1. How many of the residues in the range A:144-157 are more than 7 Å from chain C (Cβ to nearest Cβ) and either more than 22 Å from the chain's Cα centre (by Cα) or among the hydrophobic types (A, V, I, L, M, F, W, C) (or both)?
2. Residue under question is A:F255, and the condition is that it be crowded, with 16+ Cβ neighbours inside 10 Å and in contact with a His (Cβ under 6 Å, 6 or more places away or on another chain); does it hold?
3. In the range B:276-326, what residues are surrounded by 24 or more Cβ atoms within 10 Å (Cβ to Cβ), of a type in the set (G, A, S) and in a loop (DSSP other than H, G, I, E, B)?
4. Could you tell me which numbered condition C:Y90 fails, if it satisfies all but one of (1) farther than 30 Å from C:R163 by Cβ; (2) buried (at least 21 other Cβ atoms within 10 Å of the Cβ)?
5. When you scan the range B:86-97, do you find a residue that is crowded, with 22+ Cβ neighbours inside 10 Å, closer than 23 Å to A:F271 by Cα and charged (D, E, K, R), even just one?
6. Can you find a residue that is more than 8 Å from chain C (Cβ to nearest Cβ), part of a loop (DSSP other than H, G, I, E, B) and among the small types (G, A, S) anywhere in the range A:169-181?
7. Quick check: anything in the range C:170-177 surrounded by 18 or more Cβ atoms within 10 Å (Cβ to Cβ) and assigned to a helix (DSSP H, G or I)?
8. Only one of A:T106, A:T133 is more than 7 Å from every other protein chain (Cβ to nearest Cβ) and buried (at least 21 other Cβ atoms within 10 Å of the Cβ). Can you tell me which?
Amino acid sequence: MISVRRKVNRESSRAPHGARPSLSGFALALPPLLLVVVFVGIPILIGLTFSLGFTQGPNRVISLIGQQIHIKSHWWGTFAAYSDVLHDSRFLGDLALTLVVTSISTVFVIAMALGIAMYQRLIGGKKASVLVTLSIVPLFVPVVISAWAIHTFYGGDGFMRTLFSHLGINFPTLTSTPVAIVIGSVWTALPFSILMISSGMQAIPNALIEAARDCGAPTPKIISNILIPLARTPIIIAASFTAIGILGSYTIPLFLGPNQPTMLGVEISNFFGAYNRPQQSLVMAFFVFLAASGIAILYVWQNIKSARESGRI
Amino acid sequence: MLKKRIMQSLALAAIAALGVGVSAPASHAVSQTIQVYISADTNIQDLWNKTLIPAFKAAYPDYDVNVTFDLHGTHDAQETAKITAASVLHKNPGVDLIDGGFVTTLGAAGLLYHPNPGLLPNIANVNKAVLKAGLGGIPYRASSVLLAYNSKNVATPPATLDDLLTWIKAHPGKFTYNAPNGGGSGYSFVQTVVDKYLSDADRTALVAGAAPSLESKWAQGLETLRQLNKFTYGQNGTYPANNAETLTDLATGLVDMGTVWSDQFASALKAGTMPANIKVTQISNPSLTGGASYLGIPNSSTNKVGARLLANWVLSPAAQNLIVSGTLNGFPVIPLSMLDPKATVAFTGVDIQHLRAGYISANANDLKSAWASAVPGK
Amino acid sequence: MRHSLRLPRLLLNLAIAFMALFILGPLIWLAAHAFVSDWHYPNFYPSGFTFHWWSRVFLDSALSTAMRNSLIISPIVVLCSMVICLPAAYAVGRINFWGRRAFMIGIFSANSFPKIGLFAAIATLYYSLNLMGTFVGVVIIQLLGTIIYMTWIPAAAFAAVPRNLEEAARDAGANKFTVFRTITLRMAMPGILVAIVMSFLAAFDEAQGTYLVGAPSIFTMPTEMYSLVQNYPIQVAAVFSLLLTLPSVLLLSLARKHIMGGQLAEGFQLK
């Protein structure tokens, strides 16, 4: 029964039917594609031209109110705004902080998710369920509340300091530091990763693990040779989504982080609003967009690679 | 089974929601509705909703006023983009009268409607310099930033800026001001410190018009502020994000001194969220800035008549009396002689007609950016 | 399940205690404030209890209007998203058409562009299309955020339906529509449910674009949330936070079985 099902699964998970590209498929995919192209794609394109110094036409509006706007000096535009941003010490500091916080948070999230998922897969039981359920709780909470809750918990007169003051210890005020951004980012990103990775591990057949155990394989070997390779795709997916989410985040660093350096999402908002420099703000936005696209391409490439390896393509 | 349960729940939710009433507020077909947009703190919201608008409706019963309130400029970016797009494309911006910090930005871009002085008679009473600084906006109230201090821990507050700077260094962690890009009270402190090193001529120039050539002269003041990083609250170069946070830090006793808006402070006292032992004072040499708040009518507004009627009424002695008394304790923009003597007694000794002005918006934005580059975390 | 490994009980209990503190601590601390009148550092206990803040929230009419708006608009957005995206998801999962992968990457990337830089362009676009301030406009802007969930997850759900089952049914004489309804759709339903839940959350929590397009006539919950959290005493924010979390918890507890059952991981396999 099991082997029949596995065969069925393998067949159905082969590449979609039809070696020849289909027009009907394209037609079905058109509605959301059109929506995205019109309502997101076009504004992004317009934003790109504005960042290059095209200030007429659809960019008349934004050029009217902004300051420090560079108008194009060649037919293709100008890189003056890009030069502004790259030479601004704030941008480099923010970029560094964003990359560091994103990497550290993603590592923590994946590590915690892996630990809990593996524990549930290999041992299971009630305590494992408790851990998994706890980790999913933040999914229920809108990000504004999460940020506020974490701020009041770790702040100057928050729970941590209250608790430790009764023990005679002066617990540091963590708010307005990068540490608080990491805490907030991990807190909000954990649920999705747990779901992905634990589901991925649940899908690994028992027979494989039992067989390995029967051969006398120690647990670390089971983890490294079976669990992680077979759950590789969900793990990469979890890491990609977590990284992209934290890279462009705004609410968490705004409530929990220092004024400067801050994460790119906050800086983009500062430049657009408080400093009234929409052109430079858009340049930074494109950096975030590029980073996100890079991650997306990496993920698809990884997917194609794993699909090829498992013979699905 | 699960699907059925979900369907049932969704159906119940839908019925409940519809039963409670359809949500989108009925758009008034009456053209006599004036859409007012306020981007400020809650005390101004109360001023309009509880004081000014009821009085206006009593005076002009044919008009209805609908207020949209955005808390301290969270959505200024959206609103500015929208109004500008509406002006350029000649569409309805959805707002007739704006009370917010971005009015001067719209004015500078030429997007405000300037009613003929004949249509706005009360504007003749307004101080000319204040009017000019609005770039087309209509000033309607003023306030000043003041130094708030905890009278229990601070027996005599500092009298001059130098005294204040000395006090801050002598009491590490007991003073704070918010980041200038988040609130005007912190911005005022920054500009005041920067102005300390500027000549009167330079200060006037920065208030009057965009002066990028003078911005290099801010360096000394910014350096002074940077050196304060070790002494302000947290002692690590981090600052509260906005006006409200500074008020909270003062109220909860985390700091003993901070810069606050006069009207926000008065409202907080009256509402009981600020303990009575916190008092305010003004420093000198230079003093903390103050200035007017401006109303603006977008040139694509669909109810310019109603908007200017409301604006004109707000400038009348009756309305200005309301601004001065009540919970706001705002400063009027018309001469004190035109107001109710009882109300003005609170201003004895305070020169509210000649508040030290803030920079024009272009320079102010640049100062906010310069501060962020030079001070926090350094 | 046999296990040859026993983690030390102490370590495990420590891990659970840590997770409970880390995850639940901030929420419980905030929620506790919903019922107190006064609570000053460094006291462990508040000075008084009250329901005053709850009445403050419920008596605020702007708030209840916003709540109602959110609860009406978000389900409508999800329904529209299903109609628009599910056929596309089916196509991506089952039909090999040109640009399939580019389509998926494009949707993913477009979703991650920081919105604030696009306000002016979006405002211009919406005015030109006469969508500004309209219900449809708000629905569209919230819909955009749901597309990623409503295409990717159902796509894999559809792809995972075994072909031989469908073929067998057709051989047995069922017509195309019956096959689709009783086999394909039914087997993909858990994945679609997950997409519905994630999309609902995305629409419900969307704040920036909704403000741009909806103000001043249409306000949804997150906008009011931001205001409250930043300015009123912490107690009001705590009340509101408890209220906001309830629809999310309800929905997710209903779909929990399917989310945990491996559907979500399946959802993102692009083949």
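The values are calculated or read from the model by the stated rules, or taken from the named source; none is laboratory data. Just so you know, these numbers come straight off a predicted model, no measurement behind them. Methodologically, a virtual Cβ is constructed for each residue, glycine included, from the backbone with ideal geometry; neighbour enumeration extends over all protein chains shown.
1. The total comes to 4.
2. yes
3. Within the range B:276-326, just B:S301 meets the criteria.
4. Every listed condition holds for C:Y90 apart from (1).
5. No, the conditions are met nowhere in the range B:86-97.
6. yes
7. no
8. A:T106
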